[in-house]
Amino acid sequence: MSFLKQINPFENALKQFDKAAQILNLTKNQIVMIKEPRRITEVNLPVRMDDGSIRIFKGFRVQHSLVRGPAKGGIRFHPDVTVEEVKALAFWMTYKCAVVDIPFGGGKGGVVVDPSKLSLNELENLTRRYFAELSDLFGPDSDIPAPDVNTNQQIMSWMFDTYSMHLKSHIPAVVTGKPLELGGSAGRSEATAQGMVFCVREATKHLGINLKGATVAIQGFGNAGSNAARILREDGVKIVAISDISGAYYNPEGIDIAAALDTCAKNKIWILEGLEKNTKVEKMVDPMKLLELDVDILIPAALENQITEQNAPDVKAKVIAECANGPVTPEADKILEKKNIFIIPDILCNAGGVTVSYLEWVQNRTGYYWSKERVNEDLKKIMVKAFHEVLQTSQKHNVNMRIAAFILAIARVARAAELRGLYA
Ligand code: NAD
């Protein structure tokens, strides 16, 4: 088993919780009410494959908290999905929604599958079976999924359709991240990256770093990473390295992001394979070395546990903007803090996605749709406010931004739990 696979993301998440809860002086009763997930569901999903055989896929849905509103969180399709990972991701959703103060709890789902090995028909069968099997959990007032790694607008469309067919009613608010034609929100597809950019702008202002000409490395070039590159380019940054599962690509003079986006478009799947043939870049021998480049801003936008105690000593960035969930382990966190690296923590940094999901849900429920300008205006207000609340909390308690984000979020969830009380 690789070193990375031995790291339990849920245990890591709880370590983050414990530190913040201690500073808040929460009582044992307050802690038990909000720490562990409320409901963990595991299903074995039979799916008919194109050759007529039936294959079983394992699926999960974890509802971590319903205290501040319906569970909210994406569904991941990945061969390495485990229940511990889904628990961690659901936990982070609870506190992410609380940091940006939107009225949702936390949930997350996952299916153990490599979707690139399925035909479109098999992918649809699997998606619909997952949603139908768990339809008692889902609903606009109970649990609202969204896309995550390897799930997209098409998959959200099938989920919305499956649910609506079962209930014989048109219910777009049951999932977010839908295409515009089915009640998606303007600005949703780039919302995670856009929210991250709002945070990066505030962080660099705070640290006195000029964003124009600042160097950036981005790990992961999917929804979050590619949109981050596209939007940040408008701020005049120099993106010197990008990566995905095909490898890492480097040019100290700055990568032509339009060529990178074009390469993905030509590949017809979201992958940078062959970028070195389309523009001036060097393919790095070890893609993980991207994380150690001497850049102003490092953006992990792939998966969790990428910066560990093993590579943290070699990280040189001034700012780490966590677009991915859980990219830095708690052990690495300690090392990075000693090195004075400013981390914009995941539960704040990538909260733009769930924030615009919230705005999508609001639009679905009112049946009135906003312009992208209106959506981005609200997103900016929410993200900038949250960034400064976290920064002030960090200054007040003399803690780093991650612990500060948890302090702010845990206090909100604990207060809501207290106000609701314990029924029976
Ligand atoms: P995605 O599937 O669109 O993209 C993932 C990217 O990471 C792909 O480019 C993939 O090739 C790359 N990747 C996977 N393993 C890698 C590795 N070992 N090294 C380098 N690259 C690797 O997923 P996404 O939606 O962009 O999500 C990325 C991260 O952001 C995840 O941690 C997700 O939980 C988080 N996130 C996404 C959203 C959203 O709205 N999309 C919101 C909040 C958080």
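The values are calculated or read from the model by the stated rules, or taken from the named source; none is laboratory data. In this text the structure is predicted, and so the values were computed from the model without any measurement. Here Cβ is always computed from backbone atoms with ideal geometry, including for glycine, and neighbour counts include all displayed protein chains.
For the residues Ser135, Ser185, the requirement of being more than 16 Å from the ligand (Cβ to nearest atom), in contact with a helix residue (DSSP H, G or I) (Cβ under 8 Å, 6 or more places away or on another chain) and in a loop (DSSP other than H, G, I, E, B) singles out Ser135.
Considering every residue within region 86-107, establish whether at least one is part of a strand (DSSP E or B), surrounded by fewer than 24 Cβ atoms within 10 Å (Cβ to Cβ) and not acidic (Asp, Glu). Show your work before the answer.
Start the filter on region 86-107 by keeping residues that are part of a strand (DSSP E or B), which leaves 106-107.
Filter once more, keeping what is surrounded by fewer than 24 Cβ atoms within 10 Å (Cβ to Cβ): none.
Looking for residues that are part of a strand (DSSP E or B), surrounded by fewer than 24 Cβ atoms within 10 Å (Cβ to Cβ) and not acidic (Asp, Glu), one finds none in region 86-107, hence no.
With respect to the stated conditions, Ala416 fails to be within 27 Å of Lys108 (Cα to Cα) and either within 15 Å of the ligand (Cβ to nearest atom) or outside any helix (DSSP H, G or I) (or both). The sole residue among Ala259, Ala228 that is of a type in the set (A, V, I, L, M, F, W, C), in contact with a helix residue (DSSP H, G or I) (Cβ under 7 Å, 6 or more places away or on another chain) and surrounded by 23 or more Cβ atoms within 10 Å (Cβ to Cβ) is Ala228.
When restricted to residues that are assigned to a loop (DSSP other than H, G, I, E, B) and in contact (Cβ under 8 Å) with a residue 60 or more places away in the chain, region 31-50 contains 2. Candidates are the residues of region 274-307 that are crowded, with 21+ Cβ neighbours inside 10 Å and among the charged types (D, E, K, R); the one that is nearest to the ligand (Cβ to nearest atom) is Glu304. As a summary of the residue check, Ile40 satisfies the conditions (1) in contact with a helix residue (DSSP H, G or I) (Cβ under 8 Å, 6 or more places away or on another chain); (2) more than 17 Å from Lys108 (Cα to Cα) except for the one numbered (2).
Residues that are in a loop (DSSP other than H, G, I, E, B), at pLDDT 95 or above, over 14 Å from Ala203 (Cβ atoms) and more than 16 Å from the ligand (Cβ to nearest atom) occur in region 337-354; there is at least one.
Please specify each residue of region 359-393 satisfying the condition of being crowded, with 24+ Cβ neighbours inside 10 Å and either at pLDDT below 95 or not hydrophobic (A, V, I, L, M, F, W, C) (or both). Matches in region 359-393: Glu360, Asn364.
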